[in-house]
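**Student:** First, the structure itself, so that you have it in front of you.
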Amino acid sequence: MSPELAVAEKTTETVTTATPPTPVAPAPRPRRMWPLVVLVVLVILGAAGGGIALLLLNSSPATHPEAPLSVSNDLKLTLAEQKGTCDTTYGFTATASLSGTGDLAYKWERSDGTASAPATIHVDGSMASLSLHQAWRLTGAQKVSGTMTFHLLAPRDQKVSTTFTFACP
């Protein structure tokens, strides 16, 4: 073999193979949050609406009727015992048992022709009794046989009276 041929046989060939590129995942799309937000809002509104409906149903007059205001037959007017000379104030107290809810209207009437303006009190179901006070002051040298009247105007018309005598020499 010739020396030239020997060199030719010793050459080796290097073959490189290319590796295929690694696939790249597409960038993730941002999540849409609005469906979740809408769902949460609907759940909250539904719960609130259900709670309101429940309150309205429980407080309706059909399920819990409130009795109208009633003043019992024990309405009375008392006079606190007064001791004095020629300057005496008489104290009167109207009392009664109550039940129900409503407006109570009344006025005070004196035998000398003086009357208070009508007054109204709103009574809720928690008030079991009524106690109202009025004073009548007499002074100077005079003799008076007086009458104080408590006039209940509403829920029904009723009057109770008490008398007294004032004497100053």
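**Student:** For Glu109, Glu81, write out the residues from largest to smallest accessible area, computed with a 1.4 angstrom probe and no ligands counted.
**Tutor:** Accessible-area ranking of Glu109, Glu81, largest first: Glu81, Glu109.
**Student:** Along Cα→Cβ, 7 Å out, is where each label goes; now give me the distance between the ones at Ser72 and Asp157 in nm to one decimal.
**Tutor:** 2.6
**Student:** Summing +1 for each Lys or Arg and -1 for each Asp or Glu, what net charge is found among the other residues whose Cβ lies under 12 Å from the Cβ of Leu132?
**Tutor:** Around Leu132, the surrounding residues sum to +2.
**Student:** Given Lys76/Lys107; Lys83/Lys107; Lys107/Lys143, which pairs have Cα atoms separated by over 18 Å?
**Tutor:** Going by Cα-Cα distance, Lys83/Lys107; Lys107/Lys143 fall outside the 18 Å limit.
**Student:** A further question follows. Can you give me the distance in nm between label points at His133 and Thr95, each placed 7 Å from the Cα along the Cα-to-Cβ direction?
**Tutor:** 1.4
The values are calculated or read from the model by the stated rules, or taken from the named source; none is laboratory data. Computed from a prediction, not measured in an experiment: that's the story for all the values here. For neighbour counting, all protein chains shown are included, and Cβ atoms are generated from backbone atoms with ideal geometry for every residue, glycine included. Only protein heavy atoms, including side chains, enter the accessible area calculation; ligands, DNA and RNA are left aside. Shrake-Rupley method; radii C 1.70, N 1.55, O 1.52, S 1.80 Å.
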